[in-house]
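Scroll down for the structure; my scribbles are underneath it.
The values are calculated or read from the model by the stated rules, or taken from the named source; none is laboratory data. The structure displayed is predicted, hence computed values, not measured ones. So basically every Cβ, Gly included, is an ideal-geometry build from the backbone, and we count neighbours across all protein chains shown. Remember, those area values only see protein heavy atoms, side chains included, never the ligands or the DNA or RNA. Shrake-Rupley method; radii C 1.70, N 1.55, O 1.52, S 1.80 Å.
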Amino acid sequence: MKICFVTDSYPPNIGGAEIVIQNIVEGVAKHGIETIVITTRPNGHLSSGVQSEEKNIIRIKIPKFLSRFWFLIFSISQILRHAKDADLIHGTSYGGIMPTFIAGKLLHKPIVLTIHEFMGNNWFRFGNNYFSALFYFLAEKIFARLSFSKFVAVSNYTENILINAGIKKEKVTLIYNGESFNEIKFSKSASEIRNELGIQPNDLVFAAYGRTGLTKGFEYLVDSIPLVLNEISNAIFLLILTKDDKKIWNRITAKINRIDKKRIIFFTSLHKGKLFDYLNAADVIIIPSLSEGFGYTTLEAVKMNKNIVATKVGAIPEVISGKYIFVEPQSAEAIKSGCIKAFKNEYVYKEPIIFKWENSINSYVKLYKEIIN
């Protein structure tokens, strides 16, 4: 069996979607399935050249501006070339949707699509521009009507969103992602890191990390910080954020600059190893998301055995466990209240939930065989 994977982003690019597709590719390969990946070069710039330094990964150079559009344009020829002898083409949302569909129809191949997240009506709740939200909303409606062999949802929440978008229930298969914690390693103890960062033993450290994207909610977290600092005298905030949405980033950084520097520690990016070292110094991880198709940040916080304050949105209630506090999304006041509950140790507890990649990969292999046969 040979599977051609189509994704607009793949490691070493960092993100939950990249974690998922890499684990699927490497996992099915262990079952003796031949794989070929069509993707972009990391941080690609203007060029239509192709680099294939890895034998089963074709990396295409594309412009950063409108990258998904250019991936569609430049990837089709590569998919047609490398998938002509494949048994199935497997794409991922959002950038891999149209190239997978077009190539699959031209080659008369079965096509599978893994949906990391579908926003639906949430585009209008989170988007600042009505016409932009309408464009993406209508695009999803079109995607939902494409004749894929199967749509794979990574959570029950995502499955329901897809069905509500108009996809027939029998066309949707639920396959949870697995846990990807190979990179969660601590080179120093929490006390060593706290000492390195100038954090006192009795300080209560709230941490948050991730991309400042449209659905991540970090702007509401930053709005809540002065409110929390007024209520909890020994509170310290550790923020490790990377720039994504420019408008949100500018809003966040402007407000961070007005916060007492003794009570906030801000990093714009960190290597994965140092990232988890620093997060290990935290007492509480805050997850202020507005939507989550699955929620790797939540799973990572659980794996690090951290107390969690999280918004009750998307798939977070499905994957969270340990000690946590739920708060409403899009509200600095709600996050403040959650932090005060954390200070008072008013947590809810849920037994750990295990998400094994072994189970996920077995489900994908079974799905491939059913479709091909």
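Side notes on the structure shown:
- Region 149-200: number of residues that are open to solvent by 40 Å² or more (accessible area, probe 1.4 Å) and of a type in the set (Ser, Thr, Tyr): 5
- Criterion (open to solvent by 20 Å² or more (accessible area, probe 1.4 Å), modelled with pLDDT of 95 or more and either of a type outside the set (Lys, Arg) or more than 20 Å from residue 157 (Cβ to Cβ) (or both)) met by exactly one of 306, 350: 306
- On the stretch given as region 233-251, residues that are over 21 Å from the mean Cα position of the chain (by Cα) and buried (at least 16 other Cβ atoms within 10 Å of the Cβ) total 4.
- Only one of the numbered conditions (1) touching an Asp or Glu at 6+ places or on another chain (Cβ under 8 Å); (2) among the hydrophobic types (A, V, I, L, M, F, W, C); (3) closer than 25 Å to residue 151 by Cβ is violated by residue 340, and that is (3).
- Boolean, residue 312 is among the basic types (Lys, Arg), more than 19 Å from residue 238 (Cα to Cα) and surrounded by fewer than 19 Cβ atoms within 10 Å (Cβ to Cβ): yes
- Any chance residue 142 is in a helix (DSSP H, G or I), surrounded by fewer than 21 Cβ atoms within 10 Å (Cβ to Cβ) and out of contact with any Asp or Glu (no Cβ under 6 Å at 6 or more places or on another chain): yes
- Scanning region 131-172 for residues being touching a residue at least 40 places away in the same chain (Cβ under 8 Å), of a type outside the set (A, V, I, L, M, F, W, C) and closer than 15 Å to residue 93 by Cβ gives a total of 4.
- Subset tally (residues that are assigned to a strand (DSSP E or B) and either modelled with pLDDT under 90 or under 19 Å from residue 86 (Cβ atoms) (or both)) for region 1-41: 11
- Filtered by the rule that a residue be of a type outside the set (Ser, Thr, Tyr) and modelled with pLDDT under 90, region 265-275 gives 270, 271, 272, 273, 274, 275.
- One residue stands out among those in region 60-101 that are within 22 Å of the chain's Cα centre (by Cα) and among the charged types (D, E, K, R): the one that is farthest from residue 361 (Cα to Cα), which is 64.
- Test: residue in region 262-278 that is of a type in the set (Gly, Ala, Ser) and surrounded by 19 or more Cβ atoms within 10 Å (Cβ to Cβ): no
- For region 122-138, the count of residues that are outside any helix (DSSP H, G or I), modelled with pLDDT under 95 and open to solvent by 50 Å² or more (accessible area, probe 1.4 Å) is nonzero.
- As for region 80-88, it holds no residue that is touching a Gly at 6+ places or on another chain (Cβ under 7 Å), assigned to a loop (DSSP other than H, G, I, E, B) and at pLDDT 90 or above.
- Among the strands (runs of 3 or more DSSP E) confined to region 252-363, the ones with at least 1 residues that are within 18 Å of the chain's Cα centre (by Cα) and farther than 18 Å from residue 204 by Cβ are located at 307-311.
- Matching entry among 325, 287 (being at pLDDT 95 or above, under 13 Å from residue 216 (Cα atoms) and open to solvent by less than 30 Å² (accessible area, probe 1.4 Å)): 287
- Restricting the first member to region 55-79 and to residues that are polar (S, T, N, Q), and the second to residues that are surrounded by fewer than 17 Cβ atoms within 10 Å (Cβ to Cβ), the beta-carbon pairs closer than 9 Å and six or more apart or on different chains are 56/29; 56/34; 78/50.
- Counting the residues of region 223-251 that are in a loop (DSSP other than H, G, I, E, B) and acidic (Asp, Glu) gives 2.
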